[in-house]
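K.L.:
Below is the structure I would like to discuss, written out as structure tokens.
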Amino acid sequence: MATSTKTSVEGLILNGERVNASDGQTFDVYDPSSGDVLATVSKATRADIRRAVQAAHAALESKTWGGLAPAERGRIMLRMAAAIRERAEPLAELESRDNGKPLRQARTDVQVAARYFEFFAGIADKIMGNTIPLGPGFLDFTIREPIGVSAQIVPWNYPIQIGARGVAPALAAGCTVVLKPSSEAPMTALQLGQIGLECGLPPGVLNIVPGTGSEAGVALASDPDINQLTFTGSVDVGVQVAKMAAENVVPVVMELGGKSPNIVFADADLDLTVQGVANAIFQNAGQTCSAGSRLLVERKAHDALVDKLAARAKTMRIGPGVSDPDMGPIISKRQLETIEQYVAVGRKEGAAVAAGGERPADPSLPKGFYFTPTLLDHVSPEMRVAQEEIFGPVLAIIDFDDLEEAAELANRSQYGLVAGVWTRDINKALSLATRIKTGQVYVNTYGAGGGVELPFGGYKKSGYGREKGLESLASYTQVKNVCVKFA
Ligand code: NAD
């Protein structure tokens, strides 16, 4: 892999300072659009993670954070939101280079990140308890206290969005944070930490410690002094992380993978549906936990829908993220090969490739990790490509005949993150919305502009706990009951 455009090492953000890793080690971050080195980043060691957790504890007890009025926390967060918006363009470009996503998607991600800080800034001084009526002679009330040091381990697919999604509610609740970004795409998380410092977060409140899963991730998940852990990533790693946290009786939020269905009835608005279904699978080159990666289509609408989807897939412009194509590259060579293997498995299992299924032939593309938007038609529900998360731009298409079958197929999955229903019939829509076992259901849309306000999380192996919206505060607070007897 080729030339480097880097000039210096990006340090960790630890206790309010930019520092090198304790042993001086670094790792290179690659631009997936070209395969070139984008930056060199300090690689947090176990000792660095220990220091970050200790700094986060000290901040929790400090006058400057622990002693701060909630409204003041909210003001700092509003300044962070404004700073993110002021730097929206360079942040979006950095995200696009680091992850490969089209520039307009990166711009949206940055705006969503700012919105998280605004939304939760407004809540910082409204986290209230209850009074409980015990009768004469008693006053009983609850206080919702910050849970403490929140450890957050995040993936590479939406770094700034997912970073902000966990950090903002934690700060609003009065917690402190140690955030470990993915080593594949750590750049904008470091920027978030830098913005926090510039906007007045005291030292130790928000520590950003990029590193590998096997060292920094394990050190953070098993640290005996964290008080809460939010993990976003794959099921296999999530299970390991949950076990490590369990050793220290640390509560976890698990935001894991998915195989989310888009269910299309013949009465749906076809053009609207094509747009929604294509976007749900091809956004971020399919590397989205909530990607609509299964299309369940009423048999009589199959041909019309698949023809339109194929026409769209075949005309999508593929290219480097910063050229703002319709679809950017896959994050890494390894992930690209995984996707290719899945398409081969699908073919072997009897699926028909209705579009894509290969690397693009375009000789003008740089040496990045590109794959074509792919439709696997005539998939049956037991095939691996219908059951396993591929994490690429590959849509598995399955037919159904009636609502009963649609409901059964939608739920025939180990996952339960998101579902989409496309129909003009409110009865069908609501019947499915109440029967599908997923954390979110969308009707005649898929996603809602970042969905900052909407609780998000999994049923089944998609995880547990909720991020986003007011529900997320439950993870970052704990309830204390105070019972007073008076004469
Ligand atoms: P991953 O599980 O490989 O890595 C996630 C994070 O865990 C990274 O920071 C990684 O360094 C760290 N990690 C790896 N091994 C670890 C270990 N042994 N101990 C502690 N930490 C470790 O996932 P990924 O490839 O970065 O992301 C893709 C996965 O994330 C997909 O399955 C996707 O569905 C899921 N995801 C879920 C959501 C959600 O909100 N539900 C959002 C985005 C991505």
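The values are calculated or read from the model by the stated rules, or taken from the named source; none is laboratory data. Just so it is clear, the structure is predicted and the values come from calculations on it, not from any experiment. All Cβ positions, glycine included, derive from the backbone under ideal geometry; neighbour counts span all protein chains shown. Protein only, heavy atoms only, side chains kept; ligands, DNA and RNA dropped before computing areas. Shrake-Rupley method; radii C 1.70, N 1.55, O 1.52, S 1.80 Å.
K.L.:
What tally of residues in the range 451-465 results from selecting those that are over 20 Å from residue 233 (Cβ atoms) and open to solvent by 60 Å² or more (accessible area, probe 1.4 Å)?
P.N.:
2
K.L.:
Let me ask something else. Can you find even one residue in the range 188-196 that is touching a Gly at 6+ places or on another chain (Cβ under 7 Å) and open to solvent by 10 Å² or more (accessible area, probe 1.4 Å)?
P.N.:
There is no residue in the range 188-196 that is touching a Gly at 6+ places or on another chain (Cβ under 7 Å) and open to solvent by 10 Å² or more (accessible area, probe 1.4 Å).
K.L.:
On the basis of being more than 16 Å from the ligand (Cβ to nearest atom) and under 21 Å from residue 415 (Cβ atoms), does residue 284 make the cut?
P.N.:
For residue 284, the condition - more than 16 Å from the ligand (Cβ to nearest atom) and under 21 Å from residue 415 (Cβ atoms) - is not met.
K.L.:
If you don't mind, another one. Please indicate, with yes or no, whether at least one residue in the range 346-364 is open to solvent by less than 10 Å² (accessible area, probe 1.4 Å), within 16 Å of the ligand (Cβ to nearest atom) and touching a Lys or Arg at 6+ places or on another chain (Cβ under 9 Å).
P.N.:
No: zero hits.
K.L.:
For residue 25, indicate whether it is farther than 16 Å from residue 148 by Cα, open to solvent by 60 Å² or more (accessible area, probe 1.4 Å) and not charged (D, E, K, R).
P.N.:
Yes, satisfied.
K.L.:
Now for a different question. Report those strands (runs of 3 or more DSSP E) wholly inside the range 11-75 carrying at least 2 residues which are of a type outside the set (A, V, I, L, M, F, W, C) and out of contact with any helix residue (DSSP H, G or I) (no Cβ under 6 Å at 6 or more places or on another chain).
P.N.:
Of the strands (runs of 3 or more DSSP E) lying wholly inside the range 11-75, those with at least 2 residues that are of a type outside the set (A, V, I, L, M, F, W, C) and out of contact with any helix residue (DSSP H, G or I) (no Cβ under 6 Å at 6 or more places or on another chain) span 17-19, 26-30, 37-42.
K.L.:
Just one of the numbered conditions (1) surrounded by fewer than 21 Cβ atoms within 10 Å (Cβ to Cβ); (2) more than 14 Å from the ligand (Cβ to nearest atom); (3) on the phi < 0 side of the Ramachandran plot is not true of residue 213; which one?
P.N.:
(2)
K.L.:
Here's a follow-up. Please state which one of 47, 59 is more than 23 Å from residue 321 (Cβ to Cβ), at pLDDT 95 or above, open to solvent by 10 Å² or more (accessible area, probe 1.4 Å) and over 26 Å from the mean Cα position of the chain (by Cα). Working first, answer last.
P.N.:
Numbers: 59 fails: open to solvent by 10 Å² or more (accessible area, probe 1.4 Å).
Going through 47, 59 in turn, just one is more than 23 Å from residue 321 (Cβ to Cβ), at pLDDT 95 or above, open to solvent by 10 Å² or more (accessible area, probe 1.4 Å) and over 26 Å from the mean Cα position of the chain (by Cα): 47.
K.L.:
How many residues does the range 182-200 hold that are under 25 Å from residue 74 (Cβ atoms), within 14 Å of the ligand (Cβ to nearest atom) and in contact with a helix residue (DSSP H, G or I) (Cβ under 9 Å, 6 or more places away or on another chain)?
P.N.:
Step one: list which residues in the range 182-200 are under 25 Å from residue 74 (Cβ atoms), which gives 188-200.
Right, trim to within 14 Å of the ligand (Cβ to nearest atom) and you get 188-190.
If we keep only those that are in contact with a helix residue (DSSP H, G or I) (Cβ under 9 Å, 6 or more places away or on another chain) as well, we get 188-189.
Of the residues in that region, 2 qualify.
K.L.:
Return yes or no: is residue 178 out of contact with any helix residue (DSSP H, G or I) (no Cβ under 8 Å at 6 or more places or on another chain), away from the ligand (no atom under 11 Å from the Cβ) and among the aliphatic types (A, V, I, L, M)?
P.N.:
Answer is no for this residue.
K.L.:
Inside the range 466-482, can you point out the residues that are open to solvent by less than 10 Å² (accessible area, probe 1.4 Å) and either part of a loop (DSSP other than H, G, I, E, B) or under 20 Å from residue 408 (Cβ atoms) (or both)?
P.N.:
469
K.L.:
How do the pairs read when you match residues in the range 274-295 that are within 13 Å of residue 99 (Cα to Cα) and part of a loop (DSSP other than H, G, I, E, B) with residues anywhere that are of a type in the set (Asp, Glu) and more than 14 Å from the ligand (Cβ to nearest atom), using Cβ under 9 Å and keeping only pairs 6 or more apart or on different chains?
P.N.:
No pair meets every condition.
K.L.:
Can you name the residue in the range 420-438 that is out of contact with any strand residue (DSSP E or B) (no Cβ under 6 Å at 6 or more places or on another chain) and in contact (Cβ under 8 Å) with a residue 24 or more places away in the chain and is also surrounded by the fewest Cβ atoms within 10 Å (Cβ to Cβ) among such residues?
P.N.:
Going through the qualifying residues, I end up with 424.
K.L.:
Working only within the range 424-472, note down all residues that are within 23 Å of residue 301 (Cβ to Cβ), more than 16 Å from the ligand (Cβ to nearest atom) and small (Gly, Ala, Ser).
P.N.:
429, 431, 433
K.L.:
Tell me whether the range 98-112 contains one or more residues that are under 14 Å from residue 167 (Cβ atoms) and either in contact (Cβ under 8 Å) with a residue 12 or more places away in the chain or crowded, with 19+ Cβ neighbours inside 10 Å (or both).
P.N.:
Within the range 98-112, the first condition is being under 14 Å from residue 167 (Cβ atoms), and the residues that meet it are 112.
Next, from what is left, pick out any that are either in contact (Cβ under 8 Å) with a residue 12 or more places away in the chain or crowded, with 19+ Cβ neighbours inside 10 Å (or both): 112.
Yes, the range 98-112 has at least one match.
K.L.:
Determine whether residue 448 is surrounded by fewer than 16 Cβ atoms within 10 Å (Cβ to Cβ), touching a strand residue (DSSP E or B) at 6+ places or on another chain (Cβ under 8 Å) and among the hydrophobic types (A, V, I, L, M, F, W, C).
P.N.:
yes
K.L.:
Sticking with this one: Pick from 90, 70, 32: which is open to solvent by 40 Å² or more (accessible area, probe 1.4 Å), at pLDDT 95 or above and under 23 Å from the mean Cα position of the chain (by Cα)? Write out each step before concluding.
P.N.:
Details: 70 fails: under 23 Å from the mean Cα position of the chain (by Cα); 32 fails: open to solvent by 40 Å² or more (accessible area, probe 1.4 Å).
Unique residue meeting the criteria: 90.
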